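Read the structure below first, then the notes.
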Amino acid sequence: AGDSRWAHRPAADWAAAERRLRADTIQGRIYGGLAHMIAARKDEPAFATRVEHVQTGNPHVLGFAHHHASGPLLVLANFSERPQAVSAELLAQQGLSWPARDLIAGVHVVPNEGLSLSPYQLAWLKPG
């Protein structure tokens, strides 16, 4: 407590922390989503490789890629409150073949003329 880094940290609300164990609560949805992302990241060997920034051509979408023998992994994050597009050309340049799997959503993605990201969507795209 004598350390100044503790100056702005409130006491923990342990009742709220316990609500993380119930899927029907906000805390549970956030906790479940983070646990899913951690598990997916641990299962994906491409995350162990060097990260490379990717110019997405869209100022609202952050992109980076990992290249691994198991195939490329493209990470896209929409930081806008509106849907944002990424071109099919960019996706092809990163070595993605279609359909691709979104490791976060657990779905296959087949963009016709690019990819549309929902507001604040994060996508981890891998061929297959």
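The trypsin sites (Lys or Arg not before Pro) of the range 1-98 meeting both criteria, a DSSP state outside H, G, I, E and B (loop) and at most 11 other C-beta atoms within 10 angstrom of the site's C-beta, are Arg50.
Of the chymotrypsin sites (Phe, Trp or Tyr not before Pro) found in the range 36-103, those that fall in a DSSP loop while having at most 15 other beta-carbon atoms within 10 Å are Phe79. The angle separating the long axis of helix 26-43 from the principal Cα axis of greatest extent in the chain is about 50 degrees.
Note on the chain: with neighbouring protein chains present and a 1.4 Å probe, carbon and sulfur make up 57 percent of its accessible heavy-atom surface.
In this structure the chain gives 66 Å² per residue of accessible area when probed at 1.4 Å with all protein chains present.
Loop sites by DSSP among the GluC sites (Glu not before Pro) of the chain, restricted to those with at most 13 other Cβ atoms within 10 angstrom, leave 1-80 as the longest stretch without any of them. Rounded to the nearest 0.05, the FRET efficiency derived from the C-beta distance between Arg9 and Ala39 at R0 = 30 Å is 0.60.
The values are calculated or read from the model by the stated rules, or taken from the named source; none is laboratory data. This is a predicted model, so every value here is computed, not measured. Quick reminder, even Gly has a Cβ in these numbers, built from the backbone with ideal geometry, and neighbours come from all protein chains shown. Keep in mind that these areas ignore ligands, DNA and RNA; they rest on the heavy atoms of the full protein, side chains included. Shrake-Rupley method; radii C 1.70, N 1.55, O 1.52, S 1.80 Å.
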